[in-house]
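Values in this text are rule-based calculations from the coordinates and carry no lab data. Just so it is clear, the model here is predicted, and its values are computed rather than measured. All Cβ positions, even for glycine, are placed from backbone atoms using ideal geometry, and neighbour counts span all protein chains on display.
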Amino acid sequence: MMDGTRDQKDQLLLPPVRRALGVMTAVSLAALVGFGLWGAPPDAVQGDAQRLMYLHVPAAWLAYLAFFITAAASALFLWRRTRSPVWDRVAGASAELGVMFTALALVLGAVWGKPVWGIWWAWDARLVSTALLFFLFLGYLALRRIPGDPVGAAKRNAIAALIAFVDVPIVHFSVEWWRTLHQQATVFSPKLSPQIHGVMGLTLWMGTIAFTLLFVYLLDRRYRLAVLEEGRAEVELVRAIAERTGVAVGP
Amino acid sequence: MSADGERESTANLWREAALVAAKDLRIEARARVTLGQILPFGLLVILLFAFALDPDRGILARAAPGLFWIAVLLALLLAVGRSFAIETHHSARDGLRLAGLDGGAIFLGKAAAIAIQLVVLEVVLGVGVVVLYDVNVHGVGVVLSTALAATVGLASTGTLYGVLAAGLRLRETLLPLLLLPVLAPVMLGATRAFEDGLGGTPGDAWPWVAMLAVFAVLYTAMGVLAFGALWEEAT
């Protein structure tokens, strides 16, 4: 079983695909900066503070996508027919990005909230459940950092991701019942056009696309890092055994 | 034939669970860690809240439901740690593995033992809150149903995360970080239901009780399914 892990996919994306993706990510982020800061008009009510939404909304969307991918990859790992270290690495990489994007969404939201709502933080349903989501997966990452036998640890991590993910809808609905103040989502609303100015809606979509590309790119890089980390751990193990037994190993 | 076999294995599951629960409770009866340490700790927390919130202005009585559940939650962390600490001595874990018990049965047994200890704790803390915080109980039925549903949810989630962290280095610090965010809906629902049960309109509490029951059923089911695999991995 251990040996089977080595010849598994060393990289997620083929190098030419990855390079193309990197270029597309850079271009779309540059376009987002241009449209977000200059292209889109300032909001009639919120002024320039509203421009933060071009980052905040995509970050929040990516956070949810990332955690969903973590849960799906964990399920694929646990299912015997699809069990592969690939899914464990994807789950871990996606959770790390998810936590990062969640933190980004929370911080940007606070910075936006101060001028618009007059407060950094409100005990609103979506804010509270996002904060809980952040801690749920922060715990998962802490669990992942604890070393152990690779296959056993991967199984434990996959179960942990799934039982945390089951909590997400419960958290969502319980907090929703508790209080609601957050404005309704606009991007996925069917009545998009009458609500947002054309260029503003376009910029928001641009942000979503740019962040999604960035996410896939970073996911690939983090996956590669995980493969290298595993390789290093294996080399160190071999060296430690050699030191103990006094048998020299080649370079 | 197969229906009979199924009935028999279900009966076995409950019998094995009862054995494990009895074992844990017998250890508790002899060592008295919950009664001698965790229970006083809970009471101490209740007492310290009075220092944090001015006892003269009725804040304690209004905050009583939340304070009660915070104290229970903190005590749960200790109880879960204790429940898995007793398996580390004298290779008890290996003994339990070799006994050929079903993973789901061990889960139900350990969760039941924790739940029973929590009930004792809640009764004492409840009396403490009523006496110290000057609280009146209006809807006894609501309060009891809430406590029951919340306790099952707390005990099963605690047991599930207990085995997840069992045997790991850093488990003492990892367990609260893993467990508390998951239990946030229980904390929220139980507190709101207690507010209705203690203060105004007990009838408003039932949606929360239903939410707590769904949580309890969901995490108990997941525990029965996942415990075996996690128990094998725990070193």
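Hey, which aspartates and glutamates would be in cross-link range of A:LYS9, C-alpha to C-alpha under 15 Å, not counting anything within fewer than 8 residues on its own chain?
Qualifying aspartates and glutamates at Cα under 15 Å: A:ASP88, A:ASP220, A:GLU229, A:GLU230.
What number, in percent, do you get for the relative contact order of chain B if the mean sequence gap of Cα pairs under 8 Å and at least 6 apart is divided by its residue count? Write out the running numbers ahead of the final one.
Details: 263 pairs, mean separation 61.6, N = 235.
Value for chain B: 26 percent.
In a Gaussian network model over chain A where Cα atoms closer than 10 Å are linked, find which of A:ALA226, A:ALA240, A:ALA210 has the largest mean-square fluctuation.
Highest fluctuation of the listed residues: A:ALA240.
Measure nothing fancy, just the Cα-based angle from helix B:103-133's long axis to the longest principal axis of chain B, in degrees from 0 to 90, nearest 10.
Rounded to the nearest ten degrees, it is 20.
What is the local net charge at B:ILE59, summed over the other residues whose Cβ is closer than 15 Å to its Cβ (Lys, Arg +1; Asp, Glu -1)?
Working: positive: B:ARG57, B:ARG62; negative: B:ASP54, B:ASP56, B:ASP134, B:GLU195.
Taking every other residue near B:ILE59 into account, the sum is -2.
Taking only Cα atoms, what is the 0 to 90° angle, nearest 10, from helix B:206-233's long axis to the longest principal axis of chain B?
Once rounded, one gets 30 degrees.
Taking a label point 7 Å from the Cα of A:ALA31 along the Cα→Cβ vector, which residues of the stretch A:44-87 have an amide N closer than 17 Å to it?
Taking a point 7 Å out along Cα→Cβ of A:ALA31, the residues of the stretch A:44-87 whose backbone N falls under 17 Å are A:54-55, A:58.
Where does the charge balance sit around A:PHE173 when Lys and Arg score +1, Asp and Glu -1, over other residues with C-beta under 14 Å from its C-beta?
Numbers: positive: A:ARG126, A:ARG179, B:ARG192; negative: A:ASP167, A:GLU176.
Local net charge: +1.
If you take the charge dipole of the stretch B:163-235 about its Cα centre, with +1 on Lys and Arg Cβ and -1 on Asp and Glu Cβ, which of B:VAL214, B:THR191, B:LEU178 is farthest toward its positive end?
Going by the Cα projections, it comes out as B:LEU178.
Over all residues in B:155-164, what is the mean tally of Cβ atoms on other chains that come within 10 Å of each residue's Cβ? All intermediate terms of the calculation are to be shown ahead of the outcome.
Working: counts 0, 0, 2, 0, 0, 3, 5, 0, 2, 6.
Counting other chains' Cβ atoms within 10 Å and averaging over B:155-164 gives 2.
Averaged across the residues of A:156-165, what count of C-beta atoms belonging to other chains lies within 10 Å of each residue's C-beta? Numbers along the way, then the final one.
Details: counts 11, 1, 2, 10, 7, 0, 2, 13, 4, 0.
Whole-number average of other-chain Cβ neighbours for A:156-165 is 5.
Could you work out [θ]222 nm for chain A from helices alone, using -39500 (n - 2.57) per DSSP H run of at least four and dividing by all its residues? Round to the nearest 500 deg cm²/dmol. Present the calculation step by step, with values, prior to reporting the outcome.
Working: 7 runs with 179 residues, N = 251.
Counting only the DSSP helices, I get -25500 deg cm²/dmol.
Once each part is reduced to its C-alpha centroid, what is the distance from the stretch A:17-96 to the stretch B:1-62 in angstrom?
After rounding, the separation between the Cα centres reads 43 Å.
What number, rounded to the nearest 500 deg cm²/dmol, is the helix-based mean residue ellipticity at 222 nm of chain B, given -39500 (n - 2.57) per DSSP H run of at least four residues and division by all its residues? Mind dumping the intermediate values first?
Details: 8 runs with 191 residues, N = 235.
Dividing the helical sum by the residues of chain B leaves -28500 deg cm²/dmol.
If Lys and Arg each add +1 and Asp and Glu each add -1, what is the summed charge of the other residues whose beta carbon sits under 15 Å from the beta carbon of B:PHE84? Don't jump to the answer; show the numbers that get you there.
Details: positive: A:ARG156, B:LYS23, B:ARG82, B:ARG93, B:ARG97, B:LYS110, B:ARG169, B:ARG171; negative: B:ASP24, B:GLU28, B:GLU87, B:ASP94, B:GLU172, B:GLU232, B:GLU233.
Taking every other residue near B:PHE84 into account, the sum is +1.
Sorted by average packing, counted as other Cβ atoms within 10 angstrom per residue and highest first, what order do B:107-114, B:193-200 take?
Values: B:107-114: 26.4, B:193-200: 22.4.
The densest-packed peptide leads the list: B:107-114, B:193-200.
Over all directions, what mean area does the Cα convex hull of the stretch A:1-142 project, stated in square nanometres?
Values: hull surface 44.0 nm².
Value for the stretch A:1-142: 11.0 nm².
Given axes a ≥ b ≥ c from the Cα gyration tensor, I'd like to know whether chain A is rounded (a/c under 1.5), prolate (a/b larger than b/c) or oblate.
On the way: a/c = 2.62, a/b = 1.81, b/c = 1.45.
Prolate shape, in that a/c is at least 1.5 and a/b is the bigger ratio.
Aspartates and glutamates within cross-link reach of B:LYS23: Cα-Cα under 14 Å, excluding same-chain residues under 8 positions apart?
B:LYS23 reaches B:GLU87.
Can you tell me the 0 to 90 degree angle between the C-alpha axis of helix B:2-31 and the longest principal axis of chain B, rounded to 10?
Around 60 degrees separate the two axes.
Inside 10 Å of the C-beta atoms of B:174-184, what's the mean count of C-beta atoms belonging to other chains?
On the way: counts 5, 1, 1, 8, 10, 1, 4, 13, 10, 1, 11.
Taking the mean over all residues of the peptide, I get 6.
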